[in-house]
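A.B. asks: My questions all concern the structure below.
Please treat every number below as a calculation from the coordinates, not as lab data. Here the structure is a predicted model, which is why all the values come from computation and not from measurement. Positions of Cβ are generated from backbone atoms using ideal geometry, with glycine treated the same way; all protein chains shown enter the neighbour counts.
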Amino acid sequence: MAAISASGVGLSWRSKLSQRPSSSSSSSYGSSRSSHRRVSSTIKMTVSVEKKNFTLQKSEEIFNAAKDLMPGGVNSPVRAFKSVGGQPIVIDSVKGSHMWDVDGNEYIDYVGSWGPAIIGHADDEVLAALAETMKKGTSFGAPCVLENVLAEMVISAVPSIEMVRFVNSGTEACMGVLRLARAFTGRQKIIKFEGCYHGHADPFLVKAGSGVATLGLPDSPGVPKAATSDTLTSPYNDLQTVKDLFETHKGEIAAVILEPVVGNSGFIAPKPEFLNALRQITKENGALLIFDEVMTGFRLSYGGAQEYFGITPDLTTLGKIIGGGLPVGAYGGRREIMEMVAPAGPMYQAGTLSGNPLAMTAGIHTLKRLKEPGCYQYLDRITGELIQGILDVGKRAGHEMCGGYINGMFGFFFTGGPVYSFEDAKKSDTAKFARFYRGMLEEGVYFAPSQFEAGFTSLAHTSEDIQWTIAAAEKVFRKI
Ligand SMILES: Cc1ncc(COP(=O)(O)O)c(C=O)c1O
């Protein structure tokens, strides 16, 4: 086990092991805040590292067996570590901001199950609520009051949402919202942005960012031409191209859909005027504006990116956080649009497990926690420390880097930047990222295994986690 000490911050790897799931103490926001010590982002660190015994023998055995059983050994492509090399770690358990693999290695986790774990993994209150709900069954396939509770929470939080439909994944939410936009406007074409991912439904698998980019697949075979022939694309942050598309396809465009802050090309923020201009252009052209907030919803602020930037779209998709770690998705928007959804209206969309009591329960208790004052300020503080610290030590070690963050979402690239689009992001030195990635893994830090994925912090991340990560990064930056 490595022992890192940073001046002013006592770090002991062993102390983190006490947070293992079997322990009764969970990393709650309150407790991590009370033990939190502010450390300047330009940190002077003394790093003393005893080489820890890092082996992945069991992970390798399990993953090798998995490759015979499931395509690529995984159930979602980026998990296979293709772009960073080596074999993926097989996870045994998670708690708070930490994960443990089957070989007993401990990691500080900045993936958070790809976003849902914003209050920390396996939160005691969420687990207790789930246990209570489970006593009554896991799925009813019929109305239950928990749907009303979560729907009210979502509607009161997200400015654009007056009515909501729960589904089971972000992909489903985006499929549903697209059908709805087409049904409402009576138009077929949509504009999406290069590097934005809206799930794996056919019409969206055009220049779709992380997973597809990571694997180097231009488009997926099996997607019929007809399914994407109405999908128009523009570089992110490029208003002129959007205007040109509206000019060329006058009266034909149903909607513009985007990640209001991109996470699927790495972290890319919108230019200041971008979202506002899209709001204007769509309004002027009778098209709908759709924010895909599957990632940013309840992460950038309680009301999502739309609250953070003060721009209200017509429709919004959600997922990840609103299911608190259980499978979920949702789409919602103005009442007059949502009333087109069956059975209120003619646009068909359905789901066997939609609104199931377990997902609703985990969502309700996650949102309850996020509503407590100070959550997003805390995320802002620790994420700022993290990204500033990583950039400081990276640049000091001679690497060209840029990066950014908004509250609980961050990213960095191995290029001087600025990064405003997927084309810019692709200038990053991905081979260097892969070396950095594997080095950090050995140091006990788990980032998303792709340069083109945003990272996530949670209320369970402590300042000690952050300082540990920066110290580990400083060590790895010197070697790569
Ligand atoms: C912005 C965005 N939309 C849609 C999706 C698809 O969600 P899911 O993986 O739950 O199908 C994702 C997944 O990461 C996403 O980030």
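A.B. asks: How do the peptides 70-78, 373-381, 353-361, 405-413 rank, highest first, by the average count of neighbouring beta carbon atoms within 10 Å per residue?
C.D. replies: Output ranking for 70-78, 373-381, 353-361, 405-413: 405-413, 353-361, 373-381, 70-78.
A.B. asks: Express the Stokes-Einstein translational diffusion coefficient of the stretch 228-298 in µm² s⁻¹, to the nearest whole number, given a Kirkwood radius over alpha-carbon pairs, 10 °C and a viscosity of 1.306 mPa s.
C.D. replies: This corresponds to a translational diffusion coefficient of 124 µm²/s.
A.B. asks: Asp92 versus Thr352, label points 7 Å from Cα toward the beta carbon: distance in nm?
C.D. replies: For Asp92 paired with Thr352, the spin-label model returns 3.4 nm.
A.B. asks: Can you give the angle from 0 to 90° between the axis of helix 124-134 and the longest principal axis of the chain, with both taken from C-alpha atoms, to the nearest 10?
C.D. replies: 50 degrees
A.B. asks: If r is the Cβ-Cβ distance from Asp124 to Arg335 and R0 is 25 Å, what FRET efficiency results, to the nearest 0.05?
C.D. replies: According to the calculation, E is roughly 0.10.
A.B. asks: Highest mean first, what order results for 331-337, 271-277 on Cβ atoms within 10 Å?
C.D. replies: Ranking the peptides 331-337, 271-277 by packing returns 331-337, 271-277.
A.B. asks: Work out how much length Lys395 to Val74 would gain on full extension: take 0.36 nm times their residue separation and subtract the Cα-Cα distance, in nm to one decimal.
C.D. replies: Separation in residues times 0.36 nm, less the Cα-Cα distance, equals 112.1 nm.
A.B. asks: Quick one: pull the percentage of alpha-carbon pairs in the stretch 128-202 with a separation above 19 Å.
C.D. replies: Everything past 19 Å amounts to 55 percent.
A.B. asks: How big is the equivalent ellipsoid of the stretch 125-274 along its three axes, where each semi-axis is √(5λ) from the Cα gyration tensor, reported in whole Å from largest to smallest?
C.D. replies: After diagonalising the Cα gyration tensor, the semi-axes are 33, 18, 17 Å.
A.B. asks: For the stretch 204-351, max minus min Cα coordinate along each principal axis, in Å, sorted largest first?
C.D. replies: 38, 36, 35 Å, listed from the longest principal axis down.
A.B. asks: Turning to a different aspect of this structure: Give the Debye-formula value of log10 I(q)/I(0) at each listed q (0.08 Å⁻¹), with one equal scatterer per alpha carbon of the chain, two decimals each.
C.D. replies: One equal scatterer on each Cα of the chain leads to -0.46.
A.B. asks: What is the angle, in °, between the Cα long axis of helix 170-185 and the longest principal axis of the Cα atoms in the chain? Nearest 10 is fine, range 0 to 90.
C.D. replies: 20 degrees
A.B. asks: Would you work out if the stretch 51-111 is rounded, prolate or oblate? Take a ≥ b ≥ c from the square roots of the eigenvalues of the alpha-carbon gyration tensor; rounded if a/c is under 1.5, else prolate when a/b is larger than b/c, oblate otherwise.
C.D. replies: prolate
A.B. asks: A further question on this structure: For Ala460, which sequence-distant residues (separation of 5 or more, or a different chain) have an amide H within less than 5 Å of its own amide H, given hydrogens modelled in the peptide plane?
C.D. replies: Under 5 Å from the amide H of Ala460 lie the amide H atoms of Gly120, each far enough along the sequence or on another chain.
A.B. asks: Same structure again: Using only DSSP helix segments of four residues or longer, with each worth -39500 (n - 2.57), what per-residue ellipticity at 222 nm results for the chain after dividing by its residue count and rounding to 500?
C.D. replies: Values: 17 runs with 175 residues, N = 480.
Here the helix-only value at 222 nm equals -11000 deg cm²/dmol.
A.B. asks: Please give the peptides 442-449, 247-254 ranked by average Cβ packing (other Cβ atoms within 10 Å per residue), highest first, as a rough proxy for protection.
C.D. replies: 442-449, 247-254
A.B. asks: For the stretch 309-361, take N as its residue count and report Rg(C-alpha) divided by 2.2 N^0.38 Å.
C.D. replies: Relative to the 2.2 N^0.38 Å estimate, the stretch 309-361 comes out at 1.29.
A.B. asks: A follow-up question, please. Sort largest first and round to whole Å: the equivalent ellipsoid semi-axes of the stretch 327-458, each the square root of five times a Cα gyration tensor eigenvalue.
C.D. replies: 38, 19, 15
A.B. asks: When the Cα centres of the stretch 117-169 and the stretch 305-333 are compared, how far apart do they sit, in Å?
C.D. replies: The distance from the Cα centre of the stretch 117-169 to that of the stretch 305-333 comes to 13 Å.
A.B. asks: Next question, about the same structure. Normalised by the residues of the stretch 231-324, what does the relative contact order come to in percent, with Cα pairs under 8 Å and at least six apart?
C.D. replies: About 26 percent, as a whole number.
A.B. asks: A follow-up question, please. Long-range amide H contacts for Val223: which residues qualify at under 5 Å (H placed 1.01 Å from N, peptide plane, sequence gap of 5 or more or a different chain)?
C.D. replies: Counting only residues 5 or more places away or on other chains, the set is empty.
A.B. asks: If you place +1 on the Cβ of every Lys and Arg, -1 on the Cβ of every Asp and Glu, and leave all else neutral, what size is the dipole of the chain about its Cα centre, to the nearest 20 Debye?
C.D. replies: Result for the chain is approximately 600 debye, rounded to the nearest 20.
A.B. asks: In 10 Å bins starting at zero, report the fraction of Cα pairs in the stretch 45-161 per bin as a rounded %.
C.D. replies: Binned Cα distances yield the sequence 10, 26, 30, 22, 10, 1.
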